[in-house]
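Heads up, the thing below is written out as structure tokens.
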Amino acid sequence: MAEHQLALPDEIRDHAVALLTELCTISSSSGEAEGLRRMCERLSAELSRRGLTVETVEEPDMTGVPQPVLLARGPAAKESHLLLVGHMDTVLEAAPPRREGDRLWATGALDMKGGLAAFLGALDLLAARGQKPPADLLLVVVPDEEVGGVISEHAIRRWAALARAILVIEPGESRGDAETLVAGRRGLSEWRLEATGKAAHSGLAYWQGRSALAAAADWAAQAQRLSERGPGVTVNVARLVGGDSDFVNDLAHHHELLGTPRRRNVIPDRALGEGEVRFLAPAEGVRILGRLEQLAGTVAAAHQVSMSFLRGATVPPVDPHGPGAALVQRAVELAAARGWRLEVEQDRGGISFPNYVPDPSRVPIVDGLGPVGDGMHTRQEYVSLLSLERRVVLLADLLASLA
Ligand SMILES: [Zn+2]
């Protein structure tokens, strides 16, 4: 039976559950200053007791209000480190926790106080085995992940730059008897399309006009069709505005034209498109942007308009076949050796911690190491306590292998 193979002493399991329950009673929704500070204090006390050197630094949020970031270091975490990343904020304010069989129903139990409790349990398990965590361990716990905050982004950028590997203790997912961890996350590149045609009276000189709007719409339809299902790239045309150049270039003043008969007799000489592409591997991002630019050339020629394709900001992807693949495989094998099945998510949606890493193609990143459950960000949030046990053992085994 799995529980037997996990070989997690009862007192360590019970302590992890009690600690998680306690952390979930602290109301620490994003921006809830007092609760975030209490989370910091409780975590600091628990981490210090387990031999890490803890420091709380105050960082300004988007509006300049200082919020706490917790840093816990092993004795050799100096120039480079093994980085563990978590967050102490939740989406909702806390409701009283409730335990029912294998489930702990509580705010943040899954996302992601469960991951923090699993890490503390892993430190206990290592100590009970007479093992030590990696001496260069650095745990960073941020207060604003759930609002996509600047503190999270800055902290990851800063500490990831010097990391030899990055472990993220956000929750995995449940898949029947199995659970997942996360190997890949899509990156994105923003783009903008500008088209200029030739205005003309649609009644008197229709064939002298060149419609920038028709050209941009043609480009948009073809661009969207470059999207591929599965692990491939996707193209999203998020906005498309066309009309005469006064209308497009000063939309704020001219939107009242919509719904009126005015200027419908003008061949539209201006169009703008904006959107993004998403991709799992850096080379795929380069490829799709190249295709879109090429498409702009072809479509412009066909419609006899001028078109420019402009590249914008890029958030790099975490390639599931990149430098983290070996570490992901090791985690899968460690779980199997303890009698349970860990599956790999190659492509988890959304932008999260790993995307803030300055160069994810350089450093191994494993995400989704926290326990699984369901109901994230709702009043139906719960974490599986069997999964908590599994993740305590997995983190201990993984940390031991990285020491
Ligand atoms: Zn989270």
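The values are calculated or read from the model by the stated rules, or taken from the named source; none is laboratory data. On a predicted model such as this, the values are computed, not experimentally measured, just so you know. Quick reminder, even Gly has a Cβ in these numbers, built from the backbone with ideal geometry, and neighbours come from all protein chains shown. The protein model used for the area step is the full one, side chains on, heavy atoms only, and it has no ligands, DNA or RNA in it. Shrake-Rupley method; radii C 1.70, N 1.55, O 1.52, S 1.80 Å.
Tabulated data for the structure shown
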{"quantity": "Cα→Cβ-extended label distance, 7 Å offset, between ALA7 and VAL147, nm", "calculated": "4.6"}
{"quantity": "Sum of side-chain charges, GLU256 neighbourhood, beta-carbon under 12 Å (Lys, Arg +1; Asp, Glu -1)", "calculated": "+1"}
{"quantity": "Estimated FRET transfer efficiency when R0 is 22 angstrom, pair GLU190-GLU79 (beta carbons, to 0.05)", "calculated": "0.05"}
{"quantity": "Listed residue (LEU71, GLY121, THR107) projecting farthest to the positive dipole end of the stretch 1-131, Cβ model", "calculated": "GLY121"}
{"quantity": "Packing-based order for 64-70, 137-143, 318-324, using average beta carbon neighbours within 10 Å, highest first", "calculated": "137-143, 318-324, 64-70"}
{"quantity": "Stretch gain in nm, segment ALA135-LEU310, where the contour uses 0.36 nm per residue and the Cα spacing is subtracted", "calculated": "58.4 nm"}
{"quantity": "Most mobile of ARG390, ARG175, ARG164 in a GNM of the chain (Cα contacts under 10 Å)", "calculated": "ARG175"}
{"quantity": "Directionally averaged projected area (convex hull, Cα atoms, the chain), nm²", "calculated": "22.5"}
{"quantity": "Added length on full extension, which subtracts the Cα-Cα distance from 0.36 nm per residue, HIS15 to GLN329", "calculated": "110.1 nm"}
{"quantity": "Overall form of the stretch 308-403 per C-alpha gyration tensor (a/c, 1.5; a/b vs b/c)", "calculated": "oblate"}
{"quantity": "Mean-position separation - Cα centroids, the stretch 61-108 and the stretch 305-378, in angstrom", "calculated": "19"}
{"quantity": "Protection-proxy order for peptides 120-132, 197-209, each taking the mean of Cβ atoms within 10 Å per residue, highest first", "calculated": "120-132, 197-209"}
{"quantity": "Cleavage-rule hits (trypsin sites (Lys or Arg not before Pro)) in the stretch 295-339: DSSP loop, at most 13 neighbouring Cβ within 10 angstrom", "calculated": "none"}
{"quantity": "Local electrostatic count, PRO317, Cβ distance below 10 Å [Lys/Arg +1, Asp/Glu -1]", "calculated": "0"}
{"quantity": "Set of the stretch 177-201 residues, backbone N closer than 18 Å to the point 7 Å along the Cα-Cβ line of ARG291", "calculated": "186-193"}
{"quantity": "3J(HN,Hα) from dihedral phi, the stretch 85-100, Karplus parametrisation 6.51/-1.76/1.60, rounded to Hz, x for glycine, proline", "calculated": "10, x, 10, 9, 8, 10, 7, 9, 6, 5, 10, x, x, 9, 9, 9"}
{"quantity": "Length-normalised contact order for the chain - Cα pairs under 8 Å, 6+ apart - percent", "calculated": "24"}
{"quantity": "Portion, in percent, of the accessible area of the stretch 340-400 that falls on carbon or sulfur, probe 1.4 Å", "calculated": "48"}
{"quantity": "The stretch 1-127: C-alpha gyration tensor shape, a/c 1.5 cut-off, then a/b vs b/c", "calculated": "oblate"}
{"quantity": "Computed [θ] at 222 nm, helices only, for the chain once each DSSP H run of length n ≥ 4 contributes -39500 (n - 2.57)", "calculated": "-11000 deg cm²/dmol"}
{"quantity": "Charge dipole (debye, nearest 20) of the chain; +1 at Cβ of Lys and Arg, -1 at Cβ of Asp and Glu", "calculated": "960"}
{"quantity": "Solvent-accessible heavy-atom area per residue, rounded to whole Å², over the chain at 1.4 Å", "calculated": "44"}
{"quantity": "Selection from ALA165, ALA178, PRO261 lying farthest towards where the dipole of the chain points positive, charges on Cβ", "calculated": "PRO261"}
{"quantity": "Net charge, SER80 excluded, C-beta distance under 13 Å - Lys, Arg +1, Asp, Glu -1", "calculated": "+2"}
{"quantity": "Virtual spin-label span in nm between THR234 and HIS254, 7 Å along Cα→Cβ", "calculated": "3.3"}
{"quantity": "The stretch 277-403, dipole about Cα centre (Lys/Arg Cβ +1, Asp/Glu Cβ -1), debye to the nearest 20", "calculated": "120"}
{"quantity": "The stretch 1-89: GluC sites (Glu not before Pro) falling in loop per DSSP and having at most 15 other Cβ within 10 Å", "calculated": "GLU79"}
